[in-house]
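Chemist: I'd like to ask you about the structure that follows.
The values are calculated or read from the model by the stated rules, or taken from the named source; none is laboratory data. Only a predicted model underlies this, so the values are computations on that prediction, with no experimental measurement involved. Quick reminder, even Gly has a Cβ in these numbers, built from the backbone with ideal geometry, and neighbours come from all protein chains shown.
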């Protein structure tokens, strides 16, 4: 099995895609996922606190309540473009395997802080090396001088206020978009 991590998520013309990249392997596997799962993964990656548990938070809480521990997530197979995954659970010293969709496994692994693995045959079939341009890493971070207009600072402050409001109102898709805008702004305006 090949250890992977969530590299990034992006929107394609066919919907949300999560990119799992090898930690030691240079290849990555793109997996198309549903909007709800993409939102759940984005909230976890962005460490956005939500006032009430989402489905994957509830599942984690349920596992904790039942004293069942998620050990790892395995992306185990691919058939005609459809990926198959397993949750590897442990309870009372017994290991259990449970079928799941990769997107649910990824969302849960982020909340439980457990590793994700891809079987070698899946990586061989679906993995490839992506260029920096394809991953959107080609643009250098812009340098700025010390004095910044207060207008930019108030823009970030307003975005952060909007983020808090969106989360309180349980508008998680809006919250994810606002979080991404804050990240883009901060990356563009970071001192080197």
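Chemist: Taking residue 52, is it more than 17 Å from the chain's Cα centre (by Cα) and closer than 27 Å to residue 178 by Cβ? Can you show your working first?
Modeler: Numbers: more than 17 Å from the chain's Cα centre (by Cα): yes; closer than 27 Å to residue 178 by Cβ: yes.
Here the answer is yes, as residue 52 does meet what is asked.
Chemist: Moving to a separate point now. Of the numbered conditions (1) under 23 Å from residue 182 (Cα atoms); (2) modelled with pLDDT of 90 or more, residue 23 satisfies every one except a single condition; which is it?
Modeler: With respect to (1) under 23 Å from residue 182 (Cα atoms); (2) modelled with pLDDT of 90 or more, residue 23 is out only on (1).
Chemist: Condition check: out of contact with any helix residue (DSSP H, G or I) (no Cβ under 7 Å at 6 or more places or on another chain) and closer than 30 Å to residue 81 by Cα. Does residue 58 satisfy that? Step through it out loud before you land on a result.
Modeler: Details: out of contact with any helix residue (DSSP H, G or I) (no Cβ under 7 Å at 6 or more places or on another chain): yes; closer than 30 Å to residue 81 by Cα: yes.
Answer is yes for this residue.
Chemist: Okay, next question. Could you check how many residues of the range 98-114 are over 21 Å from residue 125 (Cα atoms) and in contact (Cβ under 8 Å) with a residue 12 or more places away in the chain? Step through it out loud before you land on a result.
Modeler: The initial filter retains those residues of the range 98-114 that are over 21 Å from residue 125 (Cα atoms), namely 98, 104, 107-114.
Of the ones still in play, those that are also in contact (Cβ under 8 Å) with a residue 12 or more places away in the chain are 98, 104, 107-112, 114.
The number of residues fulfilling the criteria is 9.
Chemist: Output the residues belonging to the range 120-157 that are modelled with pLDDT of 75 or more and assigned to a helix (DSSP H, G or I). Steps first, please.
Modeler: Within the range 120-157, the subset modelled with pLDDT of 75 or more is 120-131.
Hits for the range 120-157 are 120, 121, 122, 123, 124, 125, 126.
Chemist: Right, something else. Would you be able to say whether some residue in the range 178-185 is more than 23 Å from residue 45 (Cα to Cα) and either touching a helix residue (DSSP H, G or I) at 6+ places or on another chain (Cβ under 8 Å) or at pLDDT 95 or above (or both)? Explain how you work it out, then say what you get.
Modeler: Of the residues in the range 178-185, the ones more than 23 Å from residue 45 (Cα to Cα) are none.
Looking through the range 178-185, none of the residues is more than 23 Å from residue 45 (Cα to Cα) and either touching a helix residue (DSSP H, G or I) at 6+ places or on another chain (Cβ under 8 Å) or at pLDDT 95 or above (or both).
Chemist: I would also like to ask the following. Residue 80 is checked against (1) farther than 17 Å from residue 29 by Cβ; (2) without any contact (Cβ under 8 Å) to a residue 12 or more places away in the chain and fails just one. What number does that condition carry?
Modeler: Just one mismatch for residue 80, condition (1).
Chemist: Next up: Going by the structure shown, is residue 110 within 19 Å of residue 55 (Cβ to Cβ), under 17 Å from the mean Cα position of the chain (by Cα), in the same structural domain as residue 19 (by TED's automatic domain parsing) and surrounded by 17 or more Cβ atoms within 10 Å (Cβ to Cβ)? Before you say what the answer is, go through the steps one by one.
Modeler: On the way: within 19 Å of residue 55 (Cβ to Cβ): yes; under 17 Å from the mean Cα position of the chain (by Cα): yes; in the same structural domain as residue 19 (by TED's automatic domain parsing): yes; surrounded by 17 or more Cβ atoms within 10 Å (Cβ to Cβ): yes.
Considered against the rule, which asks whether it is within 19 Å of residue 55 (Cβ to Cβ), under 17 Å from the mean Cα position of the chain (by Cα), in the same structural domain as residue 19 (by TED's automatic domain parsing) and surrounded by 17 or more Cβ atoms within 10 Å (Cβ to Cβ), residue 110 comes out as yes.
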